[in-house]
1. Taking segment 122-158, which residues are out of contact with any Asp or Glu (no Cβ under 7 Å at 6 or more places or on another chain) and within 16 Å of Val90 (Cβ to Cβ)?
2. If we only count helices (runs of 4 or more DSSP H) wholly inside segment 115-178, which ones have 1 or more residues that are open to solvent by 20 Å² or more (accessible area, probe 1.4 Å) and modelled with pLDDT under 90?
3. Does Pro78 fit the bill of being open to solvent by less than 40 Å² (accessible area, probe 1.4 Å) and either within 14 Å of the chain's Cα centre (by Cα) or farther than 14 Å from His243 by Cα (or both)?
4. Restricting to segment 266-300, give me the number of residues that are in a helix (DSSP H, G or I), crowded, with 24+ Cβ neighbours inside 10 Å and not hydroxyl-bearing (Ser, Thr, Tyr).
5. Closer than 19 Å to Phe138 by Cα and either crowded, with 21+ Cβ neighbours inside 10 Å or of a type outside the set (A, V, I, L, M, F, W, C) (or both): does that describe Gly255?
6. Sort out which residues of segment 227-261 are at pLDDT 90 or above and over 16 Å from Ala87 (Cα atoms), and write them in order of number.
7. Give me the pairs, please: first residue somewhere in segment 160-187 and among the acidic types (Asp, Glu), second residue anywhere and part of a helix (DSSP H, G or I), beta-carbon distance under 8 Å, and either six or more positions apart or on two chains.
Amino acid sequence: MQRSGSEASAQRPKRDRNAILAVTVFPAIVIVAAVLGFCLPATFTPITPIVPYLLGLIMFLMGITLTGADFKRIAKRPLVVLLGLVAHYVIMPLAGLLVVWALQLPAELAVGVILVGCAPSGTASNVMTYLAKGDVAFSVSVATVSTLVAPLLMPLLTLAFAGQYMSIPVEAMFLDILKTVLLPVIAGVIVRSLFGRIIDYIKPVLPWLSAIAIATIVTAVMGKSAAAFAQAGLLIILAVVLHNGIGLLLGYLAGRAVHLDHAARRALAFEVGMQNSGLAASLATVHFNPAAALAPAVFSVWHNISGALVAAWLARKPIPTER
């Protein structure tokens, strides 16, 4: 049964408040987590082994928010979703390589930047799209598909772009992404299909559970990488800001280049520029070294701040009626 116009209009302000609260408080939580990890590394480094499980929890929570309607939208617009997917997995790896080359980053830092660039879309991109008055359905579709294909594409892209800097364990990465991303998402979808009413009831709590899990990952990774951050913190912050900024800008321009409407362009900006840095941090921690985990940890903090700022700026700009 569809809601009446008055009911729908009453629901939107509530969703607006929840979304604004999430993108206001969540970056603050992640910043505090990063500071705690850096200042108290001995306290938080021991929790590093649970990082993959925390990532699995985040992806499971993502899975239980997906409905049949989300997959139907993908089936109805396969070409448009494919364009978004290609933009995501082409722009960010190349942008990462460009930043590495421009800043002449050492191998360990370079691998971390490129690893972030090869990750699927970030879990907060849908909220940013909503706040920016973008095409949320398109955003969810691209984020979902980019996550589902991540076990195959992320290891291969990392090998292609970062193999010159360090040995890339493609098979091990594939298995880890399969276990910590794809299988939890599928499990979440199954749970949603079986217990939909219960999930709808607890749905307002789910973003905060994800926020806590992401903050814990940042705390653990920053704790383990504290010494590396003390040496190269400013350089990696610059790299992350450039990488994220290029992604947001080129994502929007890619949408314009293929003649997407203005709402879809806004969505694509976030789907390209915001990465699943928690996945990159987990893989860097397990397969590389603390220095490689720096870029994913800093990206986790920064892209939520920049995304909220860009979303607020776009929200003030009316969407033109013509392309």
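The values are calculated or read from the model by the stated rules, or taken from the named source; none is laboratory data. The structure presented is a predicted model; accordingly, all values stated were derived computationally and were not measured. Ideal geometry is used to build each Cβ from the backbone, glycine not excepted, and the neighbour counts take in all protein chains shown. With ligands, DNA and RNA removed, areas are computed over all heavy atoms of the protein, side chains included. Shrake-Rupley method; radii C 1.70, N 1.55, O 1.52, S 1.80 Å.
1. Val145, Ser146, Val149, Ala150, Leu152, Leu153, Met154, Leu156, Leu157, Thr158 - these are the residues of segment 122-158 that are out of contact with any Asp or Glu (no Cβ under 7 Å at 6 or more places or on another chain) and within 16 Å of Val90 (Cβ to Cβ).
2. 125-131, 136-148
3. Values: open to solvent by less than 40 Å² (accessible area, probe 1.4 Å): no; either within 14 Å of the chain's Cα centre (by Cα) or farther than 14 Å from His243 by Cα (or both): yes.
The answer is no for Pro78.
4. Here the count works out to 20.
5. Judged against the criteria, Gly255 is a match.
6. Hits for segment 227-261 are Leu234, Leu235, Ile236, Ile237, Leu238, Ala239, Val240, Val241, Leu242.
7. Glu171/Pro155; Asp176/Pro52; Asp176/Ser282; Asp176/Leu283; Asp176/Val286; Asp176/His287
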